[in-house]
Structure formats: C-alpha cells, structure tokens
Amino acid sequence: MKALICPSLGPVENLKIMDVEEPVAGAGEAVVEIAYAALNFFDTLIIEGKYQLKPEPPFSPAGEFSGRVAALGAGVSGFAIGDRVMGSAGFGAARERIAVPASRLAHVPDGLPLDKAAGLSIAYGTTIHALKQRAEMKPGETLVVLGASGGVGLAAVEIGRAMGARVIACASSDDKLAFARRFGAAETVNYATQDFRARLKALTGASGVDVVYDPVGGALAEPALRSLGWKGRFLVIGFASGEIPRIPLNLVLLKGCDIRGVYWGDFVAREPEANRDNMSQLLDWAVSGELSVHIHAKYALEEYEKAFEAIAKRQTLGKTLLRFTGA
Ligand SMILES: NC(=O)c1ccc[n+]([C@@H]2O[C@H](COP(=O)([O-])OP(=O)(O)OC[C@H]3O[C@@H](n4cnc5c(N)ncnc54)[C@H](OP(=O)(O)O)[C@@H]3O)[C@@H](O)[C@H]2O)c1
C-alpha cells in the first residue's frame, strides 16, 4: 500500500511516497481504510523534529483521519467491518490503511460526510476542551480568538458561538476576517493593520474580555492578555508565529486573571470519558450544521507538497485534507 513517509527529520522536500507493508490489527486494534487524513500546523513541525511529539523516522505524518473499518483485532467490540469511523493517532495517518487502538475511534453518524469527519478530532476536540473544561466559558461571555481563520481558530469561532459567547475574531487580513464572520464572529480585528489593543478596548469597554484563545503566540499574546477583564482566562493553545511569548506576571496579579494551558493529547489520555463526551457533543453539532468544519482543500496524496506549503505560508482557511483510496 502507499504511504507518505518521513524517512529522516527535515523539510517537506524530504518526504516520499513509498510502498510499505500492510498493517495488521493487533489485540484491541482496528485497521482503517483511510478516506481522508487531515493535516494540522503541527505536521509542518513534526517532520522536522520541532514538535513536542517526536516519533522516530521513518513515520507518516497526519494525526487525524476518517475512513472505514477494514479489519478487527482480538477483543474489539462495538465496531464491525465496513463501519464509517474517524479518529486521531498523533501521527501516522497519511497512508492507505492504518492500525490503531479501537479506543481512538468514533463512529461517523449518518449525515456527516467523511471529509468533514476527518478534521473534527484534533482542531475541534482541542477547542471544545479549551473552552469547556479549561476556560469554563459561560453563555454571554466575550471570547477573543487569534488566528481565527486557521484550523483551531475557526473551530474556536464556531464552538464559541455554539456555546453562546460573543466572538471577536482576530486575524491578519480582511479576507480571513470576512471568512470568520461567515462562521459566527460578531466582531473582527485585523491585527496586521489595526491597533490591536485599542480596537479590543473599543469593542469590550470597561468590562474587558472574558476569554482569550491564543494559537499564535509571539507579539500578540501580551496585548491580548492586557485586554482581559477581572477574572479573565487566557488560553495557551500554541505558537504558530514561531515565538513563545514571555508574560510579565504583575499583569496576572493586577487583573486577578488566569493563564491556562491546553494540551489536548494528554487530556485524551488522562480523561478519556470527558473526551468521549466532548466528541459526542461535536458530532451532534456537526450533524445539525451548527459546526461547518470548513475544508480549505482536499489534495490527492501526490499533491502533499502543496498541502504542506499552504499551511506553512499561512494560506489555509479551515482544514487541509489528503485524499486516499477509501474516499
Ligand atoms: N494545545 C493543543 O492541544 C493544540 C492542539 C492542536 C493545535 N495546537 C496548536 O495550535 C496552533 C495552530 O494550529 P492549526 O493547525 O490551527 O494551524 P493553522 O491552521 O495553520 O492556523 C494557524 C494560524 O496562525 C496564524 N499565524 C501567525 N503566524 C503564523 C506563521 N508564521 N505561520 C503560520 N501561521 C501563522 C495564521 O493566522 P493569521 O494569518 O490570521 O495570523 C494561521 O491561520 C499550532 O501552534 C498548533 O501546534 C495546539
């Protein structure tokens, strides 16, 4: 079968499409015929050994996928051959078939196409965990989302709106902001052309922002944190800008605010029940149309370089998929 392989750590030019051994389902595992593998920003880092998860080469990138169950190992219950499923694996999904623990799979309900299901686990799973368990966000609160047109950013706009927040989308171009408005942003800030702090202040007045969702980091983090109101929560999601910000702790004291870390991978391992409840809520919202899970593009496996380039060049709006034979 064909697989996209990272034979040694390095840039995307290192990657190769190769023929590899068919996977076999071990005890507790299922083999899934992949329809779509979704790429995330971290895939651009993992192939270079610059992400917190550091698999030994050779490996396949892509941490989430959708497809159909092709084989079941001993002791697996609740799944049958041919079932439509989605799941996350950390890495390894950019291949025609993958063996994964059945506990990492969820059924894809009727009415949800496999392309939308492929990108639901990580970006949307991270975001519902961030806003629900970490921020404990309540209806009517104000949510500021940085990088609001990207994978996790768009998820935050959509889930924020679904949870009843007033969403302020922030991004680097007016096109990206118009896109975020289509999916539920009530207000927008262009941080490339506007005074970011002054605009947030004008939009939120004396009460300030309740929750900041920050997947970008760098120079935007401190002004966003300064915009928080009393008991505001700043969610540390990631550092797509490439720079980990340093925050003066006196700001946290003066605002009585919290900086809260979000690490979805460990949440899934440590709190599987809570993650299952989150996924069930996401699937309900996706089927009812509350969440769009907008797809930026579906690339054939042979076009993987274009897919990585779109993410690295900051061009994607929503999710980026690789298409496989199961589609
Ligand atoms: N904590 C967790 O559990 C968890 C889970 C999933 C993802 N993440 C993290 O979340 C971050 C975003 O992931 P994603 O998959 O949503 O990425 P994405 O789709 O590529 O979106 C990232 C956004 O960041 C902004 N950005 C600013 N500087 C950038 C740069 N130099 N290169 C690329 N984008 C830049 C862009 O928006 P503008 O152009 O509008 O600024 C872009 O839309 C990553 O750091 C990822 O590791 C964390």
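Just one of (1) assigned to a helix (DSSP H, G or I); (2) away from the ligand (no atom under 12 Å from the Cβ); (3) free of Cβ contacts under 8 Å to residues at least 12 places away in the same chain trips up GLN281, so point out which.
Looking at each condition in turn, GLN281 falls short on (3).
For segment 295-327, name all the residues that are within 15 Å of the ligand (Cβ to nearest atom), in contact (Cβ under 8 Å) with a residue 60 or more places away in the chain and either among the small types (Gly, Ala, Ser) or buried (at least 19 other Cβ atoms within 10 Å of the Cβ) (or both).
Hits for segment 295-327 are ILE295, ALA307, PHE308, ILE311, ALA312, THR316, LEU317, GLY318, LYS319, THR320, LEU321, LEU322.
Please pick out the residue among LEU177, LEU200 that is more than 15 Å from ARG260 (Cα to Cα), within 12 Å of the ligand (Cβ to nearest atom) and in contact (Cβ under 8 Å) with a residue 24 or more places away in the chain.
On inspection, the qualifying residue turns out to be LEU177.
In segment 88-150, which strands (runs of 3 or more DSSP E) lie fully inside it and hold 1 or more residues that are surrounded by fewer than 22 Cβ atoms within 10 Å (Cβ to Cβ)? Can you show your working first?
Working: elements: 97-101, 105-107, 142-145.
It comes to 97-101, 105-107.
With respect to the numbered conditions (1) more than 8 Å from the ligand (Cβ to nearest atom); (2) of a type outside the set (Lys, Arg); (3) surrounded by fewer than 21 Cβ atoms within 10 Å (Cβ to Cβ), which one is the sole condition not fulfilled by SER172?
The failed condition is (1).
What number of residues within segment 117-165 are away from the ligand (no atom under 16 Å from the Cβ) and under 21 Å from ASN275 (Cβ atoms)?
The qualifying residues number 5.
What number of residues in segment 152-169 are surrounded by fewer than 24 Cβ atoms within 10 Å (Cβ to Cβ) and farther than 20 Å from PHE196 by Cβ? So that I can check it myself, show each step before the final result.
In the first step, residues of segment 152-169 are kept if they are surrounded by fewer than 24 Cβ atoms within 10 Å (Cβ to Cβ); the result is 161-164, 166.
From what's left, farther than 20 Å from PHE196 by Cβ: 161-164.
Counting residues in segment 152-169 that are surrounded by fewer than 24 Cβ atoms within 10 Å (Cβ to Cβ) and farther than 20 Å from PHE196 by Cβ gives 4.
Out of segment 36-60, which residues are out of contact with any strand residue (DSSP E or B) (no Cβ under 6 Å at 6 or more places or on another chain) and either farther than 19 Å from ILE122 by Cα or part of a loop (DSSP other than H, G, I, E, B) (or both)?
ASN40, GLU48, GLY49, LYS50, TYR51, GLN52, LEU53, LYS54, PRO55, GLU56
Being assigned to a loop (DSSP other than H, G, I, E, B) and without any contact (Cβ under 8 Å) to a residue 60 or more places away in the chain is the filter here; which residues of segment 14-35 pass it? Break it down stepwise before answering.
Restricting attention to segment 14-35, the residues satisfying the condition of being assigned to a loop (DSSP other than H, G, I, E, B) are 15, 20-28.
The answer is GLU21, ALA27.
Bear in mind that the values in this text are calculations on the coordinates, not laboratory data. Bear in mind the structure is a predicted one, so any value in this text is a computation, not a measurement. Note that each Cβ is placed from the backbone with ideal geometry, even for glycine, and that neighbours are counted across all protein chains shown.
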